[in-house]
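A quick write-up on the structure given underneath.
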2 protein chains.
Amino acid sequence: MTKRSHSVTIRQVAQQAGVSVATVSRYLNRNAPISKEVAGRLEQVMAELRYVPHSAARQLASKKTHIVGLLLSDLHNDFFVPLLDGIETVVRKNGYNLLVATYHAGSRNLPPPIGPHNTDGLLVFSDGLTDNDLAALSAQNFPMVLVHRTPPQDLPIPSVTVENKKITAELIEHLITVHQRKRILLFRGPEQQEDSYWRELGYRNALEAHGIPFDESLVLHGNFEKTVAQQSLSKFLEDQNHPQFDAIFSGDDDAAVGVLAALREHRYRVPEDVSVAGFDNSGFSAFLNPPLTTVSAPTEAVGRIAAERLFSLFDKQSAEGVTLLPTELIIRHSCGCPI
Amino acid sequence: MTKRSHSVTIRQVAQQAGVSVATVSRYLNRNAPISKEVAGRLEQVMAELRYVPHSAARQLASKKTHIVGLLLSDLHNDFFVPLLDGIETVVRKNGYNLLVATYHAGSRNLPPPIGPHNTDGLLVFSDGLTDNDLAALSAQNFPMVLVHRTPPQDLPIPSVTVENKKITAELIEHLITVHQRKRILLFRGPEQQEDSYWRELGYRNALEAHGIPFDESLVLHGNFEKTVAQQSLSKFLEDQNHPQFDAIFSGDDDAAVGVLAALREHRYRVPEDVSVAGFDNSGFSAFLNPPLTTVSAPTEAVGRIAAERLFSLFDKQSAEGVTLLPTELIIRHSCGCPI
DNA sequence: CCAGTTACAGTAACCGGTTACATTATTTCA
DNA sequence: TGAAATAATGTAACCGGTTACTGTAACTGG
């Protein structure tokens with residue numbers, strides 16, 4: 001019951017096994033030959049003493065943290081579960097650890113909580129870092145991979161994201177040509193967010209292709225969040241002289257849930273009065289009321305591939321530019337299609 | 001363009017500012033008086049050199065990592081977003097970092113990836129660690145808080161979870177008394193998972209209270225996962241002589257989505273033929289088809305409070321036993337109630 | 001006016017690993 | 001068979017911070 005505060009060191013192991021610390025270290029890292037005999041003795045002693053190498057000491061001496069950082073803008077979307085799942089799977093498989101942090105506009109006076117001082121590399125989601133931050137880190141050759149964002153100013157940072165523009169145009173075109181919608185409300189995602197940008201562009205392109213003028217008053221600003229979307233749309237609907245509309249493209253599926261909530265509150269029928277479409281094809285979207293027409297995005301794959309890119313940066317210094325994963329239109333009932 | 005691999009050290013800062021390293025360290029930690037003049041000089045030099053203290057060195061010397069570990073069983077449930085959100089918020093507010101890892105049964109030959117060697121304390125979700133692991137760490141006085149799990153063997157580990165049994169009994173009772181359901185299929189959550197256990201107990205209690213015999217053939221095993229639930233129920237339904245049933249209590253809302261999918265596939269009408277109820281009140285549950293009767297659980301609060309408990313352990317060594325957060329019945333249409 | 005504090009700063013040991021360099025014994029092979 | 005390569009291990013410097021210990025100057029109160 002001696003309660004020393006858990007600090008079995010490599011020297012204790014060495015002494016106990018009658019070898020030098022260097023030998024123990026070599027055994028731990030298996031980076032030099034060790035005799036069978038000594039190896040056996042060490043294994044036993046380490047088990048006996050319940051020795052676990054101290055990470056910080058290891059990191060300091062080896063200049064490697066074996067930690068990957070994930071920088072998010074926030075944690076308010078079901079979307080992050082598959083993303084995290086993909087990332088974590090790869091990180092674990094490589095024997096690394098995952099440091100997760102959010103870093104949003106409000107805290108921009110503070111330095112980022114994760115970076116070269118405590119990780120070997122970063123996965124940067126969306127606007128988790130400013131262009132300047134990215135440029136500075138990139139200049140130091142710090143390994144990074146961007147997720148749902150393309151590199152600014154031609155920085156040579158690999159990037160993994162999904163095809164937004166073309167698929168959104170297809171989706172809007174579907175609303176126009178199949179369902180004769182002409183007043184399509186755009187529920188825009190977060191300002192500064194790239195997906196938002198490309199989706200808006202796809203929306204505009206589709207309108208233009210069909211000779212429908214873009215109407216600023218039909219653009220609402222949301223946040224890829226259920227409640228924000230709900231409140232925002234409710235406020236819009238409560239304005240006596242809000243513009244007419246016959247469809248809503250909400251920024252993503254989470255926002256679509258809020259959109260459906262607000263519409264129901266205000267007695268609109270979906271899809272009879274209003275067509276609704278989302279983006280992401282979240283697990284629940286097929287079972288909303290009505291089933292949600294949306295775009296399926298391979299979010300888990302985005303996470304997985306982004307992490308793999310980062311590890312290949314660790315190895316071979318090879319960058320692979322922008323990876324654009326394909327998306328797919330998922331037609332369900334909320335746009336007006338049967339079933 | 002000198003590309004030294006980003007290693008501005010405290011000694012360089014000290015030299016540049018004409019003071020000793022001790023003074024720089026004191027300034028960084030603000031744990032001893034520094035003259036205005038020197039402070040100013042240091043601030044400037046540190047900005048100029050873009051000095052960021054090296055975490056590992058700091059951890060090694062101070063014996064504090066300023067990292068909180070979160071150990072999850074997996075990442076396959078939307079439930080984790082609010083949980084993570086609550087945790088991360090508190091962790092960030094305290095100036096700590098968050099290390100996230102999964103550690104499941106399959107990897108039980110490996111040691112846990114996070115523990116005393118790389119964190120100051122652990123949030124352990126559900127069966128993220130075995131009883132033995134917990135006992136060992138607890139014996140070393142390692143700060144931990146359990147989430148959605150109560151401490152085994154009277155270990156003095158604080159725990160934060162939600163009330164499962166009573167509310168589940170209420171829910172089942174609702175199905176029995178209001179909707180005259182008597183053959184209620186229980187979609188059990190993961191084996192070994194405490195929530196599953198208590199929910200099953202609530203289910204049994206409610207049956208017993210109403211003189212309905214427990215029928216083992218009405219228990220299906222799921223995993224709190226959409227697809228697993230869907231497949232599992234589908235297989236059940238495809239068995240020609242499966243027992244009759246008139247309601248399903250699925251382990252949680254995620255599983256409920258799968259249940260709804262399987263039922264639709266097999267042409268059951270909800271709630272006319274079968275009542276369905278879930279657990280968690282996930283953001284989407286109000287907008288499923290039909291709107292899901294469920295139990296609202298304060299998941300974000302669970303995360304927040306668990307993290308707060310951990311930080312209060314860091315400070316005052318005060319443990320607060322088991323915290324049971326209240327849950328609430330949410331009646332919607334999937335059980336058969338109007339609206 | 002002097003003992004006792006307090007403010008401020010420096011020196012160097014220490015945290016627990018890794019690894020360059022050195023050493024000895026054993027193989028390998030021309 | 002002798003030179004060179006390889007196996008197996010040890011010694012000690014080093015990674016970049018923190019902090020105990022020490023010292024000087026200025027301040028405080030009786």
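Key figures for this structure:
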{"read-out": "Residue match in segment A:1-17 (condition: touching a strand residue (DSSP E or B) at 6+ places or on another chain (Cβ under 7 Å) and within 11 Å of chain B (Cβ to nearest Cβ))", "value": "no"}
{"read-out": "Residue within segment B:283-298 that is modelled with pLDDT of 95 or more, in contact with a helix residue (DSSP H, G or I) (Cβ under 7 Å, 6 or more places away or on another chain) and within 14 Å of chain A (Cβ to nearest Cβ) present", "value": "yes"}
{"read-out": "Meets criteria (within 30 Å of A:His76 (Cα to Cα), more than 9 Å from chain A (Cβ to nearest Cβ) and away from DNA strand C (no atom under 16 Å from the Cβ)) for B:Val68", "value": "yes"}
{"read-out": "Cβ-Cβ under 7 Å pairs, at least 6 apart or on other chains, segment B:14-43 side closer than 24 Å to B:Gln59 by Cβ, far side assigned to a loop (DSSP other than H, G, I, E, B) and within 11 Å of DNA strand D (Cβ to nearest atom)", "value": "B:Ala14/B:Ser20; B:Arg26/B:Ala32; B:Leu28/B:Pro53"}
{"read-out": "Qualifying positions in segment A:215-233 - surrounded by fewer than 15 Cβ atoms within 10 Å (Cβ to Cβ) and assigned to a loop (DSSP other than H, G, I, E, B)", "value": "A:Asp215"}
{"read-out": "Of residues in segment B:108-152 being of a type in the set (Val, Ile, Thr) and over 18 Å from B:Arg309 (Cα atoms), the one nearest to the other protein chains (Cβ to nearest Cβ)", "value": "B:Ile114"}
{"read-out": "Count of segment B:97-107 residues which are at pLDDT 95 or above and more than 9 Å from every other protein chain (Cβ to nearest Cβ)", "value": "0"}
{"read-out": "Identity of the residue in segment B:5-56, loosely packed, with under 15 Cβ neighbours inside 10 Å and within 38 Å of the chain's Cα centre (by Cα), that ends up farthest from DNA strand C (Cβ to nearest atom)", "value": "B:Arg50"}
{"read-out": "Residue match in segment A:312-319 (condition: at negative phi, in a loop (DSSP other than H, G, I, E, B) and not assigned by TED's automatic domain parsing to the domain that holds A:Tyr203)", "value": "yes"}
{"read-out": "Failed item, numbered, when B:Arg183 is tested on (1) buried (at least 20 other Cβ atoms within 10 Å of the Cβ); (2) more than 28 Å from B:Ile67 (Cα to Cα)", "value": "(1)"}
{"read-out": "Segment B:94-110, residues that are touching a helix residue (DSSP H, G or I) at 6+ places or on another chain (Cβ under 9 Å) and either assigned to a loop (DSSP other than H, G, I, E, B) or of a type outside the set (Gly, Ala, Ser) (or both)", "value": "B:Asn94, B:Tyr96, B:Asn97, B:Leu98, B:Val100, B:Thr102, B:Tyr103, B:His104"}
{"read-out": "From the options A:Ala56, A:Ala61, A:Ala22, residue that is of a type in the set (Gly, Ala, Ser) and either part of a strand (DSSP E or B) or away from every other protein chain (no Cβ under 11 Å) (or both)", "value": "A:Ala22"}
{"read-out": "Members of segment B:205-238 found to be of a type in the set (Ser, Thr, Tyr) and under 10 Å from B:Val259 (Cα atoms), listed by number", "value": "B:Thr227, B:Ser232, B:Ser234"}
{"read-out": "Some residue of segment B:81-94 being more than 10 Å from DNA strand D (Cβ to nearest atom), over 24 Å from B:Thr161 (Cβ atoms) and not aromatic (Phe, Trp, Tyr)", "value": "no"}
{"read-out": "Residue identified as surrounded by 15 or more Cβ atoms within 10 Å (Cβ to Cβ), touching a residue at least 12 places away in the same chain (Cβ under 8 Å), over 26 Å from the mean Cα position of the chain (by Cα) and not in a helix (DSSP H, G or I) among B:Ile176, B:Ile212", "value": "B:Ile212"}
{"read-out": "Residue within segment B:46-65 that is away from DNA strand D (no atom under 13 Å from the Cβ) and farther than 30 Å from A:Asp78 by Cα present", "value": "yes"}
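Residue-wise test of (1) among the aliphatic types (A, V, I, L, M); (2) touching a residue at least 60 places away in the same chain (Cβ under 8 Å).
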{"site": "A:Ile157", "(1), (2)": "yes, yes"}
{"site": "A:Glu170", "(1), (2)": "no, yes"}
{"site": "A:Arg181", "(1), (2)": "no, yes"}
{"site": "A:Arg188", "(1), (2)": "no, yes"}
{"site": "A:Asp195", "(1), (2)": "no, yes"}
{"site": "A:Leu207", "(1), (2)": "yes, no"}
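The values are calculated or read from the model by the stated rules, or taken from the named source; none is laboratory data. Please read all numbers here as calculations on a predicted model, not as lab measurements. Virtual Cβ from ideal backbone geometry, glycine too; neighbours counted across all protein chains shown.
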